[in-house]
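Since the structure comes first, as structure tokens, the remarks are kept for the end.
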Amino acid sequence: MRLISRLAFAAFVSTALTFAAGTSASAQEKQITLGFSQVGAESAWRTANTVSVKSAAKDAGINLKFSDAQQKQENQIRAIRSFIAQKVNVIAFSPVVESGWEPVLNEAKAAHIPVILTDRAVDVKDTSLYVTMIGSDFLEEGRRAGRWLEERYKNEPGPINIAELQGTVGSAPANDRHAGLMEVVKKDPKFKIIASQSGDFTLAGGKQVMEAFAKSYGKQINVVYAHNDDMALGAIQAMEEAGIKPGKDVTVVSFDATKGGFEAMIAGKINVDVECSPLLGPQLMSAVKDVVAGKQVPKRIVTNETVFPMNVAAQTLPSRKY
Ligand code: GYE
């Protein structure tokens, strides 16, 4: 009896060990490697996006190779080529600008590595060069801001002079946030864009451009239309230094709705913040898994977003996640 049970126990242990070894080996074989090329670290939005991608990869058990392009397209192209050489399973990237991607995307296609776009779009004729695009509808964001301005100034004769702080030249959010605003305001000639320049989505850039705008146009400016919160915060500093009261003398419209943007709304310095969510990591990881499993994914996955006028800022800030 004793001998039999000892033998049975030994057999059980050895089966269990073989089984455990077997599963861990196959789990390792199956681990997905994702190469991700990030734009840079230009804004609070971007920092939150990076955290979201890294933590979602960890949660999903995906091996992430992360590369920061410091806002330069050539660095992104180099990173993508290196991901191809490393034979990663999937490549994802947030393209700094819209144009110029065909050659490297064709290289990925030739290597049979699927590409997922996150956050920003590319301008390519052959849309089979990427599997899906996950991110916001920047054109709609621009229209939302435009509609808010229409409503805000509906009882004023104008002219309403707008100074625009654009994001990175050639980037999808800069192109589309500009186009969305134009769609709405060009219907009403009282709205005039009197100045427009890029502050590259950074606080320092926004401040510098606003200093120049304040010098050239001073009190003529009715609205500052900043393509993101960081530039709006920089512009606020420049206005205050120039003796202009942001939020009062000048209506400040911004995008992203980061905590910094909310704090400025609570302080009465940003009048409206159009939301743009950077928390794309979980959606990206589930798309990566689906693509590797050969499942069909939608060509466009749009983030759900809203608009926050300054009067809801105080009650909303505690629930903000970025
Ligand atoms: O609005 C800005 C960031 O591509 C949506 O990039 C993103 C933009 C975001 O630098 O803050």
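Rundown of residues vs (1) crowded, with 16+ Cβ neighbours inside 10 Å; (2) at pLDDT 95 or above; (3) not assigned by TED's automatic domain parsing to the domain that holds GLU42, yes/no style:
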| site | (1), (2), (3) |
| --- | --- |
| ARG144 | yes, yes, yes |
| LEU165 | yes, yes, yes |
| ALA172 | yes, yes, yes |
| VAL185 | yes, no, yes |
| ILE194 | yes, yes, yes |
| GLY199 | yes, yes, yes |
| THR202 | yes, yes, yes |
| VAL209 | yes, yes, yes |
| LYS215 | no, yes, yes |
Answer with yes or no whether VAL253 is outside any helix (DSSP H, G or I) and modelled with pLDDT of 95 or more. yes
In the set GLY247, GLY260, GLY294, which member is in the same structural domain as SER37 (by TED's automatic domain parsing), out of contact with any strand residue (DSSP E or B) (no Cβ under 9 Å at 6 or more places or on another chain) and modelled with pLDDT of 95 or more? GLY294
Looking only at region 275-298, how many residues end up being part of a loop (DSSP other than H, G, I, E, B) and touching a helix residue (DSSP H, G or I) at 6+ places or on another chain (Cβ under 7 Å)? 5
Of (1) touching a strand residue (DSSP E or B) at 6+ places or on another chain (Cβ under 7 Å); (2) closer than 19 Å to ASN75 by Cα; (3) of a type in the set (A, V, I, L, M), ILE160 satisfies every one except (2)
Flagged pairs (Cβ under 8 angstrom, 6 or more apart or on separate chains; first in region 85-100, within 16 Å of the ligand (Cβ to nearest atom); second among the basic types (Lys, Arg)) are SER94/ARG120; PRO95/ARG120; VAL96/LYS72; VAL96/ARG120; GLU98/ARG120
Residue list for region 137-182, filter: over 21 Å from GLN71 (Cβ atoms) and among the charged types (D, E, K, R): ASP137, GLU140, ARG143, ARG144, ARG147, GLU150, GLU151, ARG152, LYS154, GLU156
When residues of region 141-188 are limited to those that are among the hydrophobic types (A, V, I, L, M, F, W, C) and closer than 30 Å to PHE93 by Cα, the one nearest to the ligand (Cβ to nearest atom): ALA172
Going residue by residue through region 221-229, is there one that turns out to be of a type outside the set (Lys, Arg), surrounded by 24 or more Cβ atoms within 10 Å (Cβ to Cβ), part of a helix (DSSP H, G or I) and within 13 Å of the ligand (Cβ to nearest atom)? yes
Of the residues in region 42-67, those that are near the ligand (Cβ under 9 Å from one of its atoms) and over 20 Å from VAL288 (Cα atoms) number 5
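The values are calculated or read from the model by the stated rules, or taken from the named source; none is laboratory data. Please read all numbers here as calculations on a predicted model, not as lab measurements. Please note: Cβ atoms are built from the backbone with ideal geometry, for glycine as well, and neighbour counts cover all protein chains shown.
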